Every structure is written in C-alpha cells, then in structure tokens.
1. Could you say which residue among Asn540, Asn545, Asn535 is modelled with pLDDT of 90 or more, in a loop (DSSP other than H, G, I, E, B) and closer than 17 Å to Gly474 by Cα?
2. Can you report the number of residues in the stretch 64-113 which are crowded, with 20+ Cβ neighbours inside 10 Å, more than 13 Å from Lys49 (Cα to Cα) and β-branched (Val, Ile, Thr)?
3. Condition first: surrounded by fewer than 21 Cβ atoms within 10 Å (Cβ to Cβ) and polar (S, T, N, Q). Now tell me which residues in the stretch 142-165 satisfy that.
4. All but one of (1) over 23 Å from Arg484 (Cα atoms); (2) not assigned by TED's automatic domain parsing to the domain that holds Gly472 hold for Gln552; which doesn't?
5. Which ones in the stretch 222-260 are of a type in the set (Gly, Ala, Ser), closer than 21 Å to Glu270 by Cα and surrounded by 21 or more Cβ atoms within 10 Å (Cβ to Cβ)?
6. Let me confirm something: among Gly645, Gly610, which residue is under 47 Å from the mean Cα position of the chain (by Cα), outside the structural domain of Ile471 (by TED's automatic domain parsing) and at pLDDT below 85?
7. Criterion first (closer than 25 Å to His304 by Cα and assigned to a loop (DSSP other than H, G, I, E, B)) does Gln91 satisfy it?
Amino acid sequence: MNKQIFTILLFISAFLSAQTYNESFVKSEQERYLRAIKMSEVQYPGDSKIDVTYYGLDLTVTANPNYLSGSVIIGIRVDTSSINSCFLDLQNALTINSLQLNGTPAVFTHINNIISVTLDRTYVYGEEFFIKVFYQGIPGSSGFGSFEFSAHSGVSAIWTLSEPYGAPDWFPCKDTPADKADSSDVWITVSDQFTAVSNGTFESEIDNGNGTKTFYWKNRYTIANYLISLAITNYHHYDTYFHYGQNDSMIITHFVYPEHFNLVKPYCDETAVMIAVFSDRYGLYPFINEKYGHAQFGRVGMEHQTCTSIGLWETWLVAHELAHQWYGDMITCADWHNIWLNEGFATYSEAVYVEAKNGKAAYNSYIMNEMNQAKNAQGTIWVQDISEVGQIFDWYRTYKKAGVVLHMLRGVVGDSTFFDIMRTYSADPAVSYGVATTEDFQAIAESVYGQSLDYFFQQWIYGENFPKYAIGWGKTSLGGDIYRIDLNIAQVVNPNPAFFTMPVQIKVNFVSGDTMVTLFNNAQNQNFRLDVVGNPISINFDPDNWILKTIQSLTEVEDIYQPIKYSLKQNYPNPFNPKTAISYQLPVSGNVSLRVYDILGNEVAIIINGYNEAGKHKVDFDATGLNSGVYFYKLLVSELQGKDGKAGEFVDTKKMILLK
C-alpha cells in the first residue's frame with residue numbers, strides 16, 4: 001500500500017550557480033523533403049493586401065500526353081485601405097491564355113512566377129471582386145510532388161501534393177496557409193476510364209460523350225490552398241460509415257487501387273473507429289457535413305481536407321493523417337514557422353489512438369520510441385528558416401519532438417485538463433476553421449489550465465535540446481518512523497534555455513510500498529527537503545516518463561551538501577561476496593569514471609561513466625560473474641571547472657577482495 005507523505009517542508013533551496021516506424025516510410029519522407037529543397041525562391045506570404053474568399057477550379061487533365069488545361073476563379077476581398085493592383089502566384093511553366101476581372105479581360109503580367117493584375121479602378125477595404133485565369137501546360141513539381149503523372153500496375157495515376165509551396169505549380173492562388181478560402185469547387189474532366197477525386201462532397205459525374213467524364217466536388221468549409229487536391233486513376237470505390245448519433249452517420253469514401261483493395265480494406269474499415277476516438281478527445285469530426293476518405297497515390301501520405309491521399313497503409317499513418325483533419329485542416333498553422341501545430345499534433349495523435357486501442361502500457365512504449373527519436377532534434381521547434389522545406393519538415397524536430405511536447409504538456413496539466421485543452425482549442429472561434437500560432441494555442445491552454453504555461457512553451461518551442469539531469473539524494477532518521485529526504489536535482493548547462501523548468505515527479509520507495517510527490521524544478525542546481533513516514537530504500541525520478549530527458553546519474557549520497565575535497569573511500573564490506581558499496585566525494589561537478597580492474601590490469605566492470613554533480617556519492621558494485629580474487633577500483637574525475645576556474649583531474653585507486 002502507498003506510504004503517505006508526512007510533511008513537505010516549506011523551503012526549497014535553489015543554487016543557481018551550479019512502436020518502431022517502417023523504414024520505408026522514413027526513407028520516403030526524406031526523399032519527399034529533399035525533393036522539395038530545390039525551391040530556389042519561396043513565394044511567401046503572397047499578396048498581403050488581399051483576402052482570398054473562394055477557389056473554383058475547372059480543369060481538364062490528360063495522360064499520354066501529360067497535360068493540364070482549364071481555368072480557376074479566385075474570389076478576392078480587399079484587406080487594406082485601398083488597392084488598384086494585386087498579385088497571385090503561378091509558376092512560369094504554365095502558360096496563361098487570358099485573364100478576366102469580374103468577367104472582363106484585364107491587364108496582367110506573368111513574370112518570375114507572379115501574376116500581377118492591374119485592376120479596373122481603385123477598390124477599398126472590404127470590397128470584393130473575382131479574377132478568372134485561363135491557363136495550360138505541364139505542371140511542375142517544386143513541392144513534394146506538386147502535380148505528378150505516375151502509374152500503378154501499368155495504369156496512369158495522376159495526383160497532387162502541394163505542401164508547402166507546391167500549389168502554384170498547378171493552379172493560380174495566394175500561396176500562404178494564413179489565407180484560407182471560405183469555400184472551393186473542383187471540376188475535373190478526365191478520360192472516362194478514370195475516377196477523379198477531390199475535397200468535399202461528390203456533387204455529380206457527367207459523361208461528356210467524347211470519351212471523357214467531368215467529376216464535380218464541392219467544399220463548403222474554409223480551406224488552405226495547399227489542401228486542395230486531385231487524385232485520378234481507375235479507382236475501386238469502397239464506402240464505410242462513421243455513426244455519431246442514434247440516427248446520424250457520415251460517409252467515409254475510400255478510393256483504392258483495385259489490385260490493392262484486399263490488402264488495405266482492414267485499414268479502411270478501422271478508420272471509423274479512429275474517427276470515434278478522436279471525436280471523443282478532440283471534438284466531433286470537423287467536416288461532419290461532408291465526408292472523410294482516402295485516395296491512394298504514389299507518396300506516403302498527405303492530409304488533404306476531407307480526403308487523405310495515402311500510399312503507405314499502416315495503422316499509425318492512417319491515424320496520423322486523420323488527426324490532421326482537426327489539426328492542420330480545420331485549424332491550420334498561420335505560417336510554416338508554426339508547422340508543429342500541424343505535424344506535432346498529428347504525430348502525438350498516433351499515440352493517443354494506440355492508448356485508446358491497446359491501453360496505457362502500449363502508449364508508454366510508443367512515447368518512449370518517440371522520445372528516443374526526438375533526442376536527435378536540432379534547433380528550435382519553431383522553424384527559423386522556412387525557405388528550406390527540409391527545415392520545415394524536419395523528421396526529428398517537427399514530428400517527433402513536437403509530438404513529445406504534447407505528451408509533456410499532458411504530464412504538466414493532467415489527463416482530464418489536457419483533453420479539455422484540446423477540445424477547447426478545436427472549438428475556439430478565434431482559431432476554429434481558421435489559422436493559429438503557438439501563442440494562440442498557449443493562450444487557450446492557459447485559460448483552461450488556469451495558470452501560466454509561459455515557461456513551458458518558451459523552453460520547448462523556442463528553446464533547444466532537452467534536460468540532462470544528475471540526481472543525488474540522502475536520508476536521515478528523525479526518530480520513530482520519520483525520515484528526512486534531502487534531494488539535489490542538477491542540470492547540465494544548456495545554451496537555450498540555460499536549464500529547463502518542469503514539475504518533476506519523484507517516487508519514494510519503501511519496503512511496504514511507495515508514494516509519489518511532485519516538485520517544481522526551476523533552477524539549474526536545486527535542493528529539496530521532505531519528511532516521510534517510513535524508511536525510504538530508493539527513489540525514482542520521473543517514473544512515468546513525462547519529461548524528454550536523460551538521467552546521467554541517480555545516486556544515494558550521505559550528504560548532498562558540497563564537500564571541500566575529493567575523496568575515494570574504501571569499499572564496504574571488504575572482503576565482500578558478491579556485493580559491496582563504494583563511496584566518493586566531489587567538491588565540484590565533473591565527468592566521473594569509476595571502473596574495476598583485475599590484478600593483471602584488465603578492465604572487468606564500468607560502474608560509473610558520466611556526469612556527476614558535486615557532493616558525496618555512494619554506488620553499489622555487484623561482482624556476480626567474477627572469480628574470487630584481488631581487484632582494484634579506480635576513480636577518475638575530469639572537472640568541468642575547478643575552483644580556480646580551470647579544468648582539472650583527480651585520480652585515485654583502491655584495492656578490494658572478492659571471496660566466494
């Protein structure tokens with residue numbers, strides 16, 4: 001049974017001086033990113049003086065020859081005091097046949113991937129007009145495969161993936177995630193052997209009587225330009241349903257390569273379960289009046305609104321792209337600096353689904369794997385250089401570490417509050433069906449939690465690396481069954497921030513059970529004191545793994561206060577069989593090596609090899625597996641900084657005897 005903390009003293013002394021992923025996915029993602037890095041110039045953030053309200057794409061797409069032609073209507077509202085010109089983004093590889101302003105031919109230029117339009121008069125704030133661009137050509141692929149003519153099993157397959165800067169490769173637009181259109185329509189004319197899929201609801205299919213068909217899809221929700229998509233081939237169409245009320249259901253449409261259907265059907269069937277899980281935790285599926293679905297294509301996955309494009313059918317990836325419908329599609333990052341609000345949220349949702357499906361132990365295992373990868377992240381989660389697509393979509397930082405940030409936030413605020421935060425974020429009118437920054441999410445999280453979380457977001461989103469802890473603890477009997485624990489938590493100096501501020505859980509273990517206490521660690525070197533009922537035999541630091549970290553040492557020490565000189569004590573007991581304790585003390589912090597050698601000088605064990613804080617330390621050595629005889633243990637300390645301000649070393653060796 002759990003011991004109860006008897007009392008926690010009201011003073012804290014702070015000393016500021018001191019599940020495995022598929023390899024093919026990783027490879028494909030890296031190729032996807034590297035392919036996009038060839039962007040020589042980022043067309044960002046578009047014309048800030050206009051607000052796009054509508055996209056209407058009416059396109060004809062052919063294979064053999066590969067070609068695109070048609071028109072796009074862009075609805076525009078003036079977003080400044082007045083304008084007499086505006087511009088849109090479209091790659092020069094596409095030829096503009098003509099351009100209309102409100103149905104009348106207009107003056108324009110198309111230079112350096114920019115369509116500059118001279119308006120027929122001065123338009124003032126709030127006025128609306130529309131531009132219609134007639135164009136044709138072979139689209140480029142400056143994004144992750146912006147517009148691809150490919151094939152499967154000898155059949156043509158045409159598809160788009162515009163994130164982040166690829167939309168202007170195939171249609172004129174304002175190329176920024178910050179400006180979401182209020183709605184969109186897509187008409188796609190293709191060979192009558194194909195099915196054409198896009199966002200929103202399926203409205204009609206027209207046989208044109210000339211070997212072509214036109215498919216019409218209508219989206220009634222706000223949408224970012226990069227989420228508008230096409231997917232065209234000889235799809236097998238399979239429908240399932242998400243039932244969200246006694247008499248309410250939403251269609252889930254799956255468009256799959258016919259030869260793959262039997263293999264991918266289980267993932268299609270599981271999708272409704274995933275929608276139910278995320279609807280419970282994040283709020284009802286955000287495009288409930290339209291649909292969800294999948295369109296198979298030639299990349300890994302992309303969260304196109306209401307219809308994910310998918311090439312790698314795995315449970316975690318299906319969950320990841322589905323979660324984007326809440327975070328990425330309904331709420332879109334306001335700029336690519338804040339891409340973690342898309343990818344980190346979807347990555348963490350993989351673990352959320354694992355937990356719902358397989359339990360907390362499976363969740364913990366999944367998070368451990370995420371943390372192991374997150375430790376490879378370099379730089380801040382807030383992307384500093386958005387001119388490089390590889391920087392925006394850095395695997396370890398934007399996906400893994402950003403996902404772990406949400407796990408840590410859950411640890412800080414607690415399960416119930418965390419999911420309250422997520423549901424509140426989904427529903428907040430300031431961001432819902434709009435765009436968000438880190439500060440928007442932080443403000444909502446703080447409003448639900450009721451406390452400031454500035455320290456958390458500043459260090460994890462705008463800081464780098466993760467904490468590296470050295471923990472020392474000791475105990476003193478106060479009489480009866482009361483013991484005092486003195487605990488020191490020290491962190492290795494970090495460039496930004498100098499140290500990490502986090503609530504940390506400490507589990508105190510007794511013979512008869514354990515108890516948990518949470519301490520707020522807000523100094524680089526910090527002492528805590530607490531009194532407990534019962535004789536503590538050990539402690540665990542962050543036992544539930546809520547913090548991305550490394551523990552460089554966790555040692556029981558006789559006195560956590562700083563000694564004045566180095567010392568290596570004789571082991572006790574000596575002779576011993578098979579365990580003994582070795583004590584040493586450090587007046588300053590340093591890198592410690594404690595190793596055991598046989599009488600011939602051969603190294604037989606490494607007891608300590610890492611950073612230790614200043615203090616008195618005691619470690620246990622287990623000689624099980626060694627033969628009886630004389631052994632030597634050697635302490636080598638490389639000071640991080642000596643008392644004179646210079647680096648130094650300490651070396652000492654002692655003899656011990658193992659008798660079996």
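The values are calculated or read from the model by the stated rules, or taken from the named source; none is laboratory data. These numbers were taken from a predicted model, which means no experiment stands behind them. Heads up, the Cβs are rebuilt from the backbone with ideal geometry, glycines too, and the neighbour counts pull from every protein chain shown.
1. None of the others qualify; the one that does is Asn535.
2. Qualifying residue count for the region: 2.
3. Scanning the stretch 142-165 gives Ser150, Ser153, Ser156.
4. (2) is the only condition that Gln552 fails.
5. Going residue by residue through the stretch 222-260, those that are of a type in the set (Gly, Ala, Ser) are 224, 229, 231, 245, 249.
So of that shortlist, the ones also closer than 21 Å to Glu270 by Cα come out as 245, 249.
Hits for the stretch 222-260: nothing passes.
6. Working: Gly610 fails: at pLDDT below 85.
The unique qualifying residue is Gly645.
7. Details: closer than 25 Å to His304 by Cα: yes; assigned to a loop (DSSP other than H, G, I, E, B): yes.
Answer is yes for this residue.
Let's see how each residue does on (1) in the same structural domain as Lys400 (by TED's automatic domain parsing); (2) out of contact with any strand residue (DSSP E or B) (no Cβ under 7 Å at 6 or more places or on another chain):
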{"position": "Leu312", "(1), (2)": "no, no"}
{"position": "Trp316", "(1), (2)": "no, yes"}
{"position": "Trp326", "(1), (2)": "no, yes"}
{"position": "Tyr363", "(1), (2)": "yes, yes"}
{"position": "Ala374", "(1), (2)": "yes, yes"}
{"position": "Ala377", "(1), (2)": "yes, yes"}
{"position": "Gln384", "(1), (2)": "yes, yes"}
